[in-house]
Amino acid sequence: MQSLIIDGGNRLTGEIEVCGAKNSALPILAATALTDGETVLHNCPVITDVYSAERILTHLGCSSVLNGNTAVIKSSVQRSDIPEKLMSEMRSSIIFLGALLGKTGKCALSFPGGCELGARPIDIHINSLKKMGASVKEEFGTLVFTAPKGLNGAKLLLPFPSVGATENIMLAACLAKGETQIKNAAREPEIADLADYLNKCGANIKGAGEGTITISGVSSLKGCEHTIMPDRIVAATYMSAAASTGGELRITKLCRNDLDSVIPIFEEMGCYIYSYGDSVFIKANKLKAVKKILTMPYPAFPTDAQAVVMASLAKAEGTSVFVENIFENRYQHVPALTKMGADIKVEGKVAIVEGVKNLFGANILATDLRGGAALVVAALGAEGRTVIGNIHHIDRGYENIEKTFSLVGGKIIRK
Ligand code: EPZ
């Protein structure tokens, strides 16, 4: 198992490019299973979750070749089952459900189950697909979905704006008979990017990125060329690292609008932020606590940025309060931050961060993707050496994290 060895205390300075969005690349890779022919995806992040999605596509009978940041997928789905081994690599493989059901009229996959963040139920996915004509039964831990007569459009009102459920319904609805309307749909920018890809393939999707999405079924979809949107959470991670090390970074190839709920938090923290074109310049000063940070569905503050922002605030003067409203167990990074000297108390959804003067290097373990990134952010700004284990969690969503931070002055190596 690899580790990251970080000697903290260096101010990060220079320019960092943001990679393509993991949470856009994954649903779009799943969406290629709906299409015929070839899809070329530019700005595809080189991360292990993308490799997992490629393995699923290959299992299904498609081919996927990643050359640098360009993925070329030739779609020719020959089967509709995803074995437990592939499902367990990445729980967001559930996103293949809508595409396979829409393309083949059936899908068998093992229950994605929970993860470090909580139970991660899929009831909204299942109930919505049943309303579109699918039936589902459980056979020895495998969920078998069938729609022998194909899927029909339906009017759906989601009890919660679930990102994955919205995406699965969109995928299932593209080739369904008639019109599907999703009310209380997730509004994350990745949803709009998925719709943009699908419409370029010949789908008829309106309203993606807003609260109500309408999909009119078409007869077939043809692969296309698409550039994946920038990763807004990776951008927030780099901002957190600048704040945590008292540095200054030009963060480029991002989409400024996607950070509307994140940038004000760094300004309240006392950072100077200047946005221009597809870049943001951030200069950290003495950090001040942020009174309250509530994670909520987009366009509010994203749950995925909670851990990395908390790592910066661990050394801010005063008391910051987080309320994690999306996942029931998303403070897994707190014990490791505490071991580094942070003063953080967790009570259910609430985490109270009392800023301390310094954090100190420690031997710690990553527990999940964004929690692991938070440990890197904290270690870069800590005194002394930190060794972070279980870094496979981090590699799921960050391209070569040690090289990225080394290029701007971070002392970080992989061993
Ligand atoms: C997506 O997960 C992202 N993953 C997550 O990013 C992100 O944190 C999350 O959306 C929220 O923005 C991908 O896009 C691959 P949800 P998803 O369905 O689709 C409950 C990262 O770090 N829920 O919006 O699983 C669920 O339990 C990852 O990049 C139900 O109750 O998120 C959770 O509490 C982590 N029933 C809440 O909704 C359902 O059927 C949000 O889940 C579905 C969800």
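The values are calculated or read from the model by the stated rules, or taken from the named source; none is laboratory data. Predicted, not measured: the structure shown is a model, and the values here were computed from it. Every residue, glycine as well, gets a Cβ built from its backbone with ideal geometry; the counts of neighbours run over all protein chains shown. Surface accessibility is based on the protein's heavy atoms, side chains included, excluding ligands, DNA and RNA. Shrake-Rupley method; radii C 1.70, N 1.55, O 1.52, S 1.80 Å.
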Tally, over region 365-393, of residues that are away from the ligand (no atom under 16 Å from the Cβ), of a type in the set (A, V, I, L, M) and either open to solvent by less than 10 Å² (accessible area, probe 1.4 Å) or at pLDDT below 95 (or both): 5
Collect the residues in region 291-301 that are within 14 Å of the ligand (Cβ to nearest atom) and either within 18 Å of Asp368 (Cα to Cα) or over 20 Å from the mean Cα position of the chain (by Cα) (or both), keeping them in residue-number order. Thr295
Residues that are part of a helix (DSSP H, G or I) and more than 14 Å from the ligand (Cβ to nearest atom), drawn from region 184-201: Ala195, Asp196, Tyr197, Leu198, Asn199, Lys200
Subset of region 237-256, residues assigned to a helix (DSSP H, G or I) and open to solvent by 20 Å² or more (accessible area, probe 1.4 Å), comes to Arg256
Starting from residues that are open to solvent by 10 Å² or more (accessible area, probe 1.4 Å) and within 14 Å of the ligand (Cβ to nearest atom), keep the ones in region 302-322 and report whichever is nearest to the chain's Cα centre (by Cα). Asp304
So the check is Cβ under 6 Å with 6+ separation or different chains; which pairs have a first residue in region 324-335 that's in the same structural domain as Ala305 (by TED's automatic domain parsing) and a second one that's among the acidic types (Asp, Glu) and in a loop (DSSP other than H, G, I, E, B)? Gln332/Glu116; Gln332/Asp368
Check region 155-167 and report whether any residue there is more than 13 Å from the ligand (Cβ to nearest atom), under 27 Å from the mean Cα position of the chain (by Cα) and not in a helix (DSSP H, G or I). yes
Scan region 170-183 and give yes if some residue there is within 16 Å of the ligand (Cβ to nearest atom), assigned by TED's automatic domain parsing to the domain that holds Pro27, open to solvent by 20 Å² or more (accessible area, probe 1.4 Å) and among the charged types (D, E, K, R), otherwise no. yes
Sole exception among (1) open to solvent by 40 Å² or more (accessible area, probe 1.4 Å); (2) touching a strand residue (DSSP E or B) at 6+ places or on another chain (Cβ under 9 Å); (3) within 14 Å of the ligand (Cβ to nearest atom); (4) at pLDDT 95 or above for Asn329, by number: (4)
If you go through region 268-290 one residue at a time, do you hit one that is without any contact (Cβ under 8 Å) to a residue 40 or more places away in the chain and within 24 Å of Leu369 (Cα to Cα)? yes
Would you point out which residue out of Val144, Val77, Val72 is modelled with pLDDT of 95 or more, away from the ligand (no atom under 16 Å from the Cβ) and in a loop (DSSP other than H, G, I, E, B)? Val77
Any idea which residue in region 116-125 is surrounded by the most Cβ atoms within 10 Å (Cβ to Cβ), counting only those that are within 8 Å of the ligand (Cβ to nearest atom) and touching a residue at least 12 places away in the same chain (Cβ under 8 Å)? His125
Could you tell me whether Ala134 is surrounded by 15 or more Cβ atoms within 10 Å (Cβ to Cβ) and under 26 Å from the mean Cα position of the chain (by Cα)? no
Return yes or no: is Val234 within 16 Å of the ligand (Cβ to nearest atom), outside any loop (DSSP other than H, G, I, E, B) and either in contact with a Gly (Cβ under 7 Å, 6 or more places away or on another chain) or open to solvent by less than 10 Å² (accessible area, probe 1.4 Å) (or both)? yes
Where Ala108 falls short, out of the listed (1) surrounded by 15 or more Cβ atoms within 10 Å (Cβ to Cβ); (2) under 21 Å from the mean Cα position of the chain (by Cα); (3) away from the ligand (no atom under 16 Å from the Cβ): (2)
In region 394-415, the residues that are within 18 Å of Thr48 (Cα to Cα) and either of a type in the set (A, V, I, L, M, F, W, C) or within 16 Å of the ligand (Cβ to nearest atom) (or both): Ile394, Asp395, Arg396, Gly397, Tyr398, Glu399, Ile401
